[in-house]
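Here the structure comes first, spelled out in structure tokens, and everything after it is commentary.
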Amino acid sequence: MAHESTYQPSNGFAKWMDDRLPLMRVAHDTAINFPTPKNLNYWYTFGGILTFCLAVQIVTGIILAMHYTAHVDLAFASVEKIMRDVNYGWLLRYVHSNGASMFFLAVYLHMFRGLYYGSYKAPREVLWILGVIIYLLMTATAFLGYLLPWGQMSLWGANVITALFGAIPLVGEPLQTWLVGGFAIDNATLNRFFSLHYLFPFMIAGVVFLHIWALHVPGNNNPTGVEVKDKQDTVPFHPYYTMKDAFALTIFAILFAYFVFYDPNVLGHAVNYVEANPLVTPSHIVPEWYLLPFYAILRAITFDIGPISAKLGGVIAMFAAIAILFFLPWLDTSKVKSARYRPLYKQFFWIFVGVCLVLGWLGGQPAEGGYVLAAQIFTAAYFAFFLIVMPVLGLIETPKPVPTSISDAVLAENGRSHSDGSSGGGGAPAGATAAPDRNA
Amino acid sequence: MADANSAVTEAGEEPTRRDFLYVATGAFAAVGGAFAVWPLVDQMNPDASTRALASTEVDISNVAEGQVVTIMWRGKPIFIRHRTPAEIEESKAVTLDELPDPIARNANIDPAADAEDINRAASDSEKWLVLVGVCTHLGCVPLTNQGDFGGWFCPCHGSHYDVAGRIRRGPAPENLPVPPLEFLSDTRIRIG
Ligand code: HEM
Ligand code: FES
């Protein structure tokens with residue numbers, strides 16, 4: 001880890017162990033004494049919330065797998081059995097299916113946070129890229145899991161998405177057959193999706209480990225975007241951020257519980273309680289809400305671009321919409337990290353949030369008439385944000401003055417003088433735990 | 001370590017016997033590795049029981065004139081349409097420039113053949129039309145006897161197909177394909 005270890009083995013056994021496998025030392029230095037900027041706001045609590053979500057999905061998922069049967073004749077009935085017969089089965093399944101939604105809610109807020117405070121910029125490019133990989137694995141996991149209940153939307157959603165691979169020239173059709181293991185989505189597909197749905201969350205856990213490692217080398221970014229300069233800028237992770245994270249997690253859990261207990265199916269589709277039927281297509285195929293913006297981009301490409309057919313163009317645009325995030329650290333040319341000190345970027349950021357929300361709404365509308373045109377305009381705006389706004393803004397924007405240190409910024413916010421360094425020394429926990437983010 | 005044993009050949013130096021052995025060993029290991037990986041990849045392809053269902057025989061004796069039946073072939077719906085003389089006439093009257101996709105898409109004839117009615121119907125009998133019932137847009141199953149052209153209508157994004165299964169309007173790029181097809185007798189066909 002990047003900071004000096006402060007771990008003191010407290011007894012003989014701990015000392016003996018520390019000389020052989022310094023597990024406790026690593027835990028202490030990452031989760032207890034890790035020096036953390038003292039001005040982190042609540043947007044910084046989603047990392048902990050995401051870890052919680054992953055744990056919830058893994059625990060409920062492993063239990064569901066004890067009662068679930070991955071066979072086309074039995075899968076739908078086994079899920080109904082979980083809902084009706086298995087003790088607390090309804091709870092476990094609703095936590096798992098709503099848990100996927102909560103997971104995505106948290107990851108989107110976490111990503112927008114990074115976008116706002118410039119957390120993807122040097123020296124955190126690798127940290128950001130690992131995050132995008134986690135996000136990709138999450139979408140894959142959710143897509144695979146959605147086939148398992150073997151409802152109408154499960155089957156037809158998977159049908160549309162696997163059909164996309166058929167659009168790739170030359171290898172498309174063999175690739176599609178290889179992916180689904182047959183000439184249509186069938187038992188072979190269900191089995192492999194189950195196997196991979198079980199595997200991917202553990203791969204996510206592995207990448208999360210790397211993500212946290214890559215976080216602890218440069219340390220956290222913070223709402224000012226100014227790097228930590230000395231001890232005055234930080235507080236120990238425990239108890240300051242363990243408590244703040246725990247509080248945020250509690251609020252998040254209340255929202256989670258609301259969905260599970262009061263409206264467990266509102267985020268889903270009623271037609272998925274009809275067993276999959278390969279002869280009848282539901283009249284309106286839509287993915288879960290968290291994939292809607294990408295579905296809108298997919299369907300926005302209704303025209304051929306040179307040799308690229310409309311269908312292939314849609315596939316490329318959809319994957320490009322995620323892939324472009326990998327290049328973000330190099331597309332943004334501004335030297336200033338945080339949007340707090342970037343008056344123009346701040347406005348474009350909120351426009352971009354709006355573009356994503358509208359794309360999500362459009363993804364749920366039928367692909368016809370004015371909706372298609374709107375989806376095309378907003379798709380163009382989505383890419384323009386990364387390809388035009390990001391590079392150009394850094395060159396033309398005049399940033400506001402950036403504080404010299406985190407400590408200065410916190411003191412200024414609390415109405416105390418900048419030069420009064422001594423009184424703020426060591427901790428200023430008020431800045432860490434109480435001050436809401438006034439500028440953000 | 002630029003001694004005689006070095007694997008690195010400097011500019012102008014003759015490759016040594018050892019260089020050759022390195023490259024040969026590496027290449028051999030790579031080929032061996034690829035062979036070892038192939039079973040891991042190929043197991044994902046359709047298994048023998050799925051491939052065994054690659055063809056299906058259907059008795060069409062009880063499909064009345066004007067009727068359409070749907071059967072399954074390779075997990076996909078197949079439409080078998082017993083067309084009326086009026087439908088055949090209507091379809092024949094369509095000229096190629098009215099068709100968004102002017103290609104026959106018939107697995108039984110020349111892939112470049114045009115989408116005239118005669119190239120869409122079964123070769124042995126023009127009253128029979130056999131199609132893969134999967135919309136060429138994003139794979140929904142179109143509804144029979146619906147839409148503005150009397151053939152099929154895909155409710156997903158509004159593609160209209162005519163009585164020969166040709167796309168006439170909507171986002172689907174191609175005509176519904178005609179699968180490999182053989183008449184075993186007047187009342188039995190084999191698909192696939
Ligand atoms: C990244 C974490 C995960 C996500 C985002 C996720 C997402 C999903 C989704 C969206 C469904 C469909 C829910 C429905 O409508 O019924 C599902 C079902 C399922 N998942 Fe997961 N899952 C995750 C982890 C796991 C793990 C680790 C397992 C362990 C085996 C698992 C086992 C299952 C089973 C058995 C089902 C079918 C039962 C059901 O539909 O409720 N999941 N998952
Ligand atoms: S799938 Fe048939 S029109 Fe889109």
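The values are calculated or read from the model by the stated rules, or taken from the named source; none is laboratory data. Owing to the predicted nature of the structure, the values given are computational and were not obtained by experimental measurement. Cβ placement follows ideal geometry from the backbone for every residue including glycine, while neighbour counts extend to all protein chains displayed. Note: areas computed on protein heavy atoms with side chains; ligands, DNA, RNA excluded. Shrake-Rupley method; radii C 1.70, N 1.55, O 1.52, S 1.80 Å.
For the stretch B:11-64, a tally of residues being surrounded by 10 or more Cβ atoms within 10 Å (Cβ to Cβ), assigned to a helix (DSSP H, G or I), within 14 Å of chain A (Cβ to nearest Cβ) and acidic (Asp, Glu) returns 0.
If I ask for residues that are of a type in the set (A, V, I, L, M) and under 19 Å from residue A:195 (Cβ atoms), which ones from the stretch A:69-81 would you list?
The answer is A:70, A:72, A:74, A:75, A:79.
Restricting B:139, B:151 to residues that are without any contact (Cβ under 8 Å) to a residue 60 or more places away in the chain, within 15 Å of ligand 2 (Cβ to nearest atom) and part of a strand (DSSP E or B) narrows the list to B:151. In the stretch A:173-186, the residues that are more than 7 Å from chain B (Cβ to nearest Cβ) form Cβ pairs under 9 Å with partners that are of a type in the set (Val, Ile, Thr) and part of a loop (DSSP other than H, G, I, E, B), at six or more places apart or across chains, as follows: A:175/A:168; A:176/A:168. When B:164, B:172 are checked against the criterion of being assigned to a loop (DSSP other than H, G, I, E, B), open to solvent by less than 50 Å² (accessible area, probe 1.4 Å) and closer than 12 Å to residue B:136 by Cα, a single residue qualifies: B:172. For the stretch A:363-397, filtering for residues that are among the hydrophobic types (A, V, I, L, M, F, W, C), more than 14 Å from chain B (Cβ to nearest Cβ) and in contact with a Lys or Arg (Cβ under 9 Å, 6 or more places away or on another chain) leaves 1. Filtered by the rule that a residue be more than 15 Å from ligand 2 (Cβ to nearest atom), open to solvent by less than 30 Å² (accessible area, probe 1.4 Å) and at pLDDT below 90, the stretch A:282-303 gives no residues.
Please determine whether any residue of the stretch A:1-23 is open to solvent by less than 50 Å² (accessible area, probe 1.4 Å), touching a strand residue (DSSP E or B) at 6+ places or on another chain (Cβ under 9 Å), away from chain B (no Cβ under 14 Å) and more than 16 Å from ligand 2 (Cβ to nearest atom). Looking through the stretch A:1-23, at least one residue is open to solvent by less than 50 Å² (accessible area, probe 1.4 Å), touching a strand residue (DSSP E or B) at 6+ places or on another chain (Cβ under 9 Å), away from chain B (no Cβ under 14 Å) and more than 16 Å from ligand 2 (Cβ to nearest atom). Can you spot a residue in the stretch B:39-55 that is farther than 30 Å from residue B:178 by Cβ, without any contact (Cβ under 8 Å) to a residue 40 or more places away in the chain and β-branched (Val, Ile, Thr)? Yes, that holds for at least one residue.
Evaluation of residue A:169 against the conditions (1) open to solvent by 40 Å² or more (accessible area, probe 1.4 Å); (2) in a helix (DSSP H, G or I) shows that the sole unmet condition is (2). Contact annotation: residue pairs with Cβ atoms under 6 Å, 6 or more positions apart or on different chains, pairing a residue in the stretch A:314-338 that is under 14 Å from residue A:391 (Cα atoms) with a partner that is acidic (Asp, Glu), are A:329/A:125.
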